[in-house]
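**Q** First the structure, then my questions, so here it is.
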């Protein structure tokens, strides 16, 4: 793009914007970029052994008895694809621990980390987990809402999170699907995959489209 073209774009933006400060416009808007580079929000998982602890409520445990295990496995796979030198505590071991030790909720994060010889604990508190459209009969729509926290077991305050965020996933976004065995499996798999993908992106640099970035 030539200097004259850039200058013309800036002038047009200034005129169209009236009295606003066009220097505050994002670069991707000014220069017509199609993608935006997004830095990792937390980079501390690199070269660590990480334990993924998934927490679900009793209703989710009843409707989806393997949800904790499924979520943990899908999330670890998604992160491992982009952070090659990370190790994860065996998810089956964590699941057995949660099922057999009913008092595990009383343990601190540092105690859980030490139990599994982990450097980090990735704690996923699943606030909502459903595959049924609200107020409907026979309609499918996956939703996962989760509070995310990372604990550094080796820092001076291991029971305080070093990173936290929230993830809210809906699939399909444009509306529910009619109930069928095939649709039920599709909704479940895609909802978990999108949740894992969005979570993994918190931990590595990545590129998104301008449209995706504007919806953040």
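The values are calculated or read from the model by the stated rules, or taken from the named source; none is laboratory data. Since the model is a prediction, treat every value here as computed from it, not as a measurement. FYI the Cβ positions are ideal-geometry reconstructions off the backbone, even for glycines, and counts take in every protein chain you see.
**Q** Of everything in the stretch 101-129, what is part of a strand (DSSP E or B) and in contact (Cβ under 8 Å) with a residue 24 or more places away in the chain? Give them in sequence order.
**A** Initial filter on the stretch 101-129 (part of a strand (DSSP E or B)): 120-129.
The answer is 120, 121, 122, 123, 124, 125, 126, 129.
**Q** Can you report the number of residues in the stretch 33-90 which are free of Cβ contacts under 8 Å to residues at least 12 places away in the same chain and under 26 Å from residue 119 (Cβ atoms)?
**A** 3
For every residue, the table says whether it meets (1) within 16 Å of residue 144 (Cα to Cα); (2) touching a helix residue (DSSP H, G or I) at 6+ places or on another chain (Cβ under 9 Å).
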{"site": "55", "(1), (2)": "yes, yes"}
{"site": "63", "(1), (2)": "yes, no"}
{"site": "70", "(1), (2)": "yes, yes"}
{"site": "81", "(1), (2)": "no, yes"}
{"site": "88", "(1), (2)": "no, yes"}
{"site": "102", "(1), (2)": "no, no"}
{"site": "113", "(1), (2)": "no, no"}
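**Q** If you check residue 118 against the conditions, is it buried (at least 19 other Cβ atoms within 10 Å of the Cβ), in the same structural domain as residue 152 (by TED's automatic domain parsing) and over 20 Å from residue 190 (Cβ atoms)? Talk me through it step by step, then tell me what you get.
**A** Details: buried (at least 19 other Cβ atoms within 10 Å of the Cβ): yes; in the same structural domain as residue 152 (by TED's automatic domain parsing): yes; over 20 Å from residue 190 (Cβ atoms): yes.
In short, yes.
**Q** Now a separate question. Residues of the stretch 156-191 being surrounded by fewer than 15 Cβ atoms within 10 Å (Cβ to Cβ), without any contact (Cβ under 8 Å) to a residue 12 or more places away in the chain and not in a loop (DSSP other than H, G, I, E, B), which ones?
**A** Listed by number, the residues that qualify are 181, 182, 185, 189.
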